[in-house]
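Have a look at the structure below, then the notes.
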Amino acid sequence: MMNKDVIKFIVFADARTGGTHLMSKLNSHPDIFAVSEPFAHHNLNTHEEQVSWMQIFYSNSKKRKFEALGFRTKIEHQADLDQFVELINRENIICFSLQRRNLVKKAISRINAVELYKETNDYNRKSKDFKRKTYEIKPNKLKKEIEICEDQKDLTNEFIERLDN
């Protein structure tokens with residue numbers, strides 16, 4: 001392997017957009033190390049904690065010889081968006097935004113995930129044999145979820161527009 005700079009990346013992906021699946025596929029490549037939602041899973045609630053985690057994470061490439069290192073996060077998990085934008089731009093971290101085009105499907109998927117969690121304590125269906133109970137989605141509930149999805153999409157797009165890369 002030639003001595004070259006490690007590619008650092010961040011995937012911004014809201015719930016129900018395929019982010020977990022994407023990170024799993026990226027992580028299956030031998031030269032890529034990718035993790036999903038470290039700030040949430042490690043309770044990193046301040047900008048300093050998040051930056052410290054990122055420094056340790058990205059420095060692992062020297063030990064393990066990965067060509068690319070990255071993680072998935074959600075905009076709402078960032079402790080300080082302004083400082084996070086500055087850090088990304090300063091460190092030349094490549095950013096991707098994974099979004100679902102159909103917000104109605106995303107809203108329904110969010111509702112389904114909550115119902116699934118009530119039955120299985122997991123938001124994602126892992127077994128094809130699992131048969132979920134049927135339930136009714138109230139129009140007001142769907143409308144509220146669509147509005148949440150629209151707000152998330154707008155927030156993510158505004159954030160991405162602030163990045164240099």
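Every read-out reported here was derived from the displayed coordinates using simple, explicitly stated rules and does not represent laboratory data. A quick note: this is a predicted structure, and the numbers were derived from the prediction, not measured. Counting neighbours? That spans all protein chains shown, and the Cβs are built from the backbone with ideal geometry, glycine included.
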Can you work out ³J(HN,Hα) from phi for every residue in segment 96-112, in order, using Karplus 6.51 cos²θ - 1.76 cosθ + 1.60 and θ = phi - 60°, giving whole Hz and x for Gly and Pro?
10, 10, 9, 10, 9, 5, 8, 6, 5, 4, 5, 4, 5, 4, 4, 5, 4
Would you please name the trypsin sites (Lys or Arg not before Pro) within segment 72-165 that are DSSP coil residues with at most 10 other C-beta atoms within 10 Å of their C-beta?
101, 126, 128, 131, 133
Which FRET efficiency value, to the nearest 0.05, is calculated for residue 83 and residue 121 with the Förster distance at 41 angstrom and r the Cβ-Cβ distance?
0.70
What is the Cα convex hull volume of segment 1-45 when expressed per residue in Å³?
99
For the chain, alpha-carbon Rg and Dmax in angstrom
17.7, 57
Rounded, prolate or oblate: pick one for segment 86-152, where a ≥ b ≥ c are the square roots of the eigenvalues of its C-alpha gyration tensor, a/c under 1.5 means rounded, and failing that, prolate if a/b is larger than b/c, else oblate.
oblate
Nearest-ten-degree value, helix 47-64 long axis tilted from longest Cα axis of the chain:
60
Let me have the 222 nm mean residue ellipticity of the chain computed from DSSP H runs of 4+ only, each contributing -39500 (n - 2.57), with the sum over all residues rounded to the nearest 500.
-16000 deg cm²/dmol
Spin-label point model (7 Å from Cα, Cβ direction): what's the residue 29 to residue 161 distance in nm?
3.0
Hey, could you pull the Cα Rg and Dmax for segment 1-75, both in Å?
12.6, 38
On the formula 1/(1 + (r/R0)^6), with r taken between the Cβ atoms of residue 134 and residue 21 and R0 of 30 Å, the FRET efficiency rounded to 0.05 is 0.75
